[in-house]
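Okay, structure first, notes after.
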Amino acid sequence: MRKIVLEEGQVFDASLLERDSAFDANALKAATDIVATVREEGDAALRAYSEKFDHVTLDALEVTDEEIEDALKAVDEDFARSVEYAADNISEFHKRQLQQSWFNTRSDGAITGQRFTPLQRVGIYVPGGRAQYPSTVLMNAIPAAVAGVDEIIMCTPPSKDGTVNPYTLVAANAAGVDRIFKVGGAQAIAAMAYGTETIPAVNKVTGPGNAFVAAAKKLVNGDVGIDMIAGPSEVCVLADETAIPEFVAIDLMAQAEHDPKATCYLVTTEEGLLPEIEDALDELLEQTARREITEASLEHGLVVVCKTLTQAFDAVNVIASEHLEINMSDPWELLGKVRNAGAIFLGPWTPEAVGDYVAGPNHTLPTGGTAAFSSPLSVDDFMKKSSVLSYSFDALETDADAVETMAAREGLWSHGKSVDLRLQFMKYVQEELAGMDDEDECGCGHEHGDGHECGCGHDHE
């Protein structure tokens, strides 16, 4: 890992990160061609790409009920139980995010508010490749189900024998996925965005993937909604002299083993801790079956040595990492210093792995520094808000002058006139009603409220 030692008073600068661009130009070009072909050729393109990229010929693109039943029988009981436990925790956490429609009434009768409506159909993408990620199924499908989405579809790459990993299928069954398709890569994103003969078009696409998937999501964004453009995974471990070196080492490795491009940051106020962490890394790397991937990731990691806590948290907030672990004394006291992080893990007993799987908060998080302005996936991603307005005439009369004045300054005559016409209409109605009241008077000068006849000859009933 590359090391930077900050001098007294030196401020950590974003240029020191040497982050790669979020997009690979070749991946974007390839994804552009794939998206256009799928949009034009539909299922035929999906089958062709399955042969080209996944090396499998598919008769049917959709996973059958029988395949799901076989998966439920194939997985071990411990996994099935763990999935149900995780699903319950994730569901309970996301239920707390639900928002209620609300309305506010002014004294003059104007009513304004917001109405929350779930999306009709969403598509989630679950990657395959180096590893299977049933946890990704849970984290994307459960918030959609909690939000009340009518239909959740899922795309995931098939194996070379044309099957889908049974652990992924079991997770999808537990999470409430309605339909599953054996399609991966940029072609899956295009299929969900625009629809094919078999795969229905969705309102929004969520889920992580490789560079081609990320590029495809960028291309379809605007035609459908997307959650985010996910880059390589990241962790930042913040450690002081109280940190346990083995904990720091294994948590860095837990992130590094995802992908050679995953990025690990270590920010510390205790330079003397580094040799112990390096020794722990050497020992633990001997034990992992994913050593090659883990080492490749750690090689381009970054260690930032700080003189003060202020420097350390400045660095943390510039990095704006996907995951932030605070392995320091009194971590809750330091929480308020964190401005930018996707998920924050406090204390030595909170490894990032609990957030990846079972704690409840979503593990689909902003990457590449986007935690400076983005949030984790949530129920809100699967709902939309509509503003609601209802005016009485009194309310319109109250606001008329301000509306007409602003419309005039913007040169939008019809805007102002739409208010003025209503005022004039009401004025006309009031004048007509007043005229009808005048016709009821006989002009004899007598008071008729007592019900007595005055002798003028008019009927005053």
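The values are calculated or read from the model by the stated rules, or taken from the named source; none is laboratory data. Note that the structure is predicted; figures quoted are calculated from it, not measured. Reconstructed Cβ throughout: ideal geometry from the backbone, glycine too, with neighbour counts over all protein chains shown. Accessible surface areas use protein heavy atoms only, side chains included; no ligands, DNA or RNA. Shrake-Rupley method; radii C 1.70, N 1.55, O 1.52, S 1.80 Å.
If only the Cβ of Lys and Arg carry +1 and only the Cβ of Asp and Glu carry -1, the dipole of the chain around its Cα centre is close to 1640 debye. Among the protein heavy atoms of the chain, carbon and sulfur supply 49% of the accessible surface, probe 1.4 Å, non-protein parts ignored. Here the 3J(HN,Hα) profile of the range 147-157, calculated from phi with Karplus coefficients 6.51, -1.76 and 1.60 at θ = phi - 60°, is 5, x, 4, 5, 9, 10, 10, 9, 10, 8, x Hz, Gly and Pro shown as x.
Accessible area ranking (1.4 Å probe, heavy atoms, ligands and nucleic acids excluded), largest first, for 125, 133: 133, 125. A simple rule links phi to the HN-Hα coupling: the Karplus curve 6.51 cos²θ - 1.76 cosθ + 1.60 with θ = phi - 60°, which for the range 366-374 gives x, 10, x, x, 6, 5, 5, 9, 10 Hz, with x for Gly and Pro.
From helices alone, the chain scores -13000 deg cm²/dmol at 222 nm; the rule is -39500 (n - 2.57) for each run of n ≥ 4 DSSP H residues, then divide by the residue total. For mean projected area of the Cα convex hull in nm², the listed values are [x] 34.5; [y] 32.6; [z] 36.0; which was obtained by calculation from the structure presented? Computed from the coordinates, mean projected area of the Cα convex hull in nm² corresponds to [z]. Once you reduce the range 68-130 and the range 352-408 to the center of their Cα atoms, the two points are 17 Å from each other.
Against the chain, whose longest principal axis comes from its Cα atoms, helix 309-319 is set at around 80 degrees.
The listed residues 39, 121 rank as 39, 121 when sorted by accessible area, largest first, using a 1.4 Å probe. Computed 3J(HN,Hα) for the range 404-411, one whole-Hz value per residue from the Karplus formula 6.51 cos²θ - 1.76 cosθ + 1.60 where θ = phi - 60°, is 5, 5, 5, 4, 5, 5, 8, x, glycine and proline marked x.
Remark: the chain carries 52 Å² of accessible area per residue (probe radius 1.4 Å; ligands, DNA and RNA excluded).
Report, as a whole number in µm² per second, the diffusion coefficient that Stokes-Einstein gives for the range 8-116 at 10 °C and 1.306 mPa s using the Kirkwood radius over alpha carbon pairs. Taking Rh from Cα pairs, D becomes 74 µm²/s. Taking amide hydrogens as placed 1.01 Å from N in the peptide plane, the amide H of residue 180 sits under 5 Å from those of 63, 154, each at least 5 positions away in sequence or on another chain. The magnitude of the dipole of the range 30-182, with charges of +1 and -1 set on the Cβ of Lys/Arg and Asp/Glu and taken from the Cα centre, is near 800 debye. For GluC sites (Glu not before Pro), the sites in the range 1-101 that DSSP calls loop and that have at most 16 other Cβ atoms within 10 Å are 7, 8, 18. Put simply, the amide H of residue 237, placed in the peptide plane, has neighbours under 5 Å in 265, 266, 267, 325, leaving out anything fewer than 5 places away on its chain.
For residue 165, the amide hydrogen comes within under 5 Å of the amide hydrogens of 159, counting only partners 5 or more places away or on other chains and with H modelled in the peptide plane.
Using only alpha carbon pairs under 8 Å that are at least six residues apart, calculate the relative contact order of the range 57-141 and give it in whole percent.
Relative contact order for the range 57-141 comes out at 18 percent.
Pairwise Cα separations in the range 211-351 fall into 5 Å bins from 0 onward with the following percentages, short to long: 2, 10, 19, 21, 19, 12, 8, 5, 3, 1, 0. Looking at the range 99-213 alone, DSSP beta bridges between its own residues are antiparallel in about 25 percent of cases. Taking every alpha-carbon pair in the range 117-241 and binning the separations at 5 Å intervals from zero gives 2, 11, 23, 24, 20, 11, 4, 2, 2, 1, 0, 0, 0 percent. Relative to one another, the C-alpha centroids of the range 322-341 and the range 231-262 are positioned 15 Å apart. What is the range 177-246's relative contact order, in percent, from Cα pairs under 8 angstrom and six or more apart in sequence? In percent, rounded to a whole number, it is 26. Taking every C-alpha pair closer than 8 Å and separated by at least 6 residues, the mean separation divided by the residue count of the chain gives a relative contact order of 19 percent.
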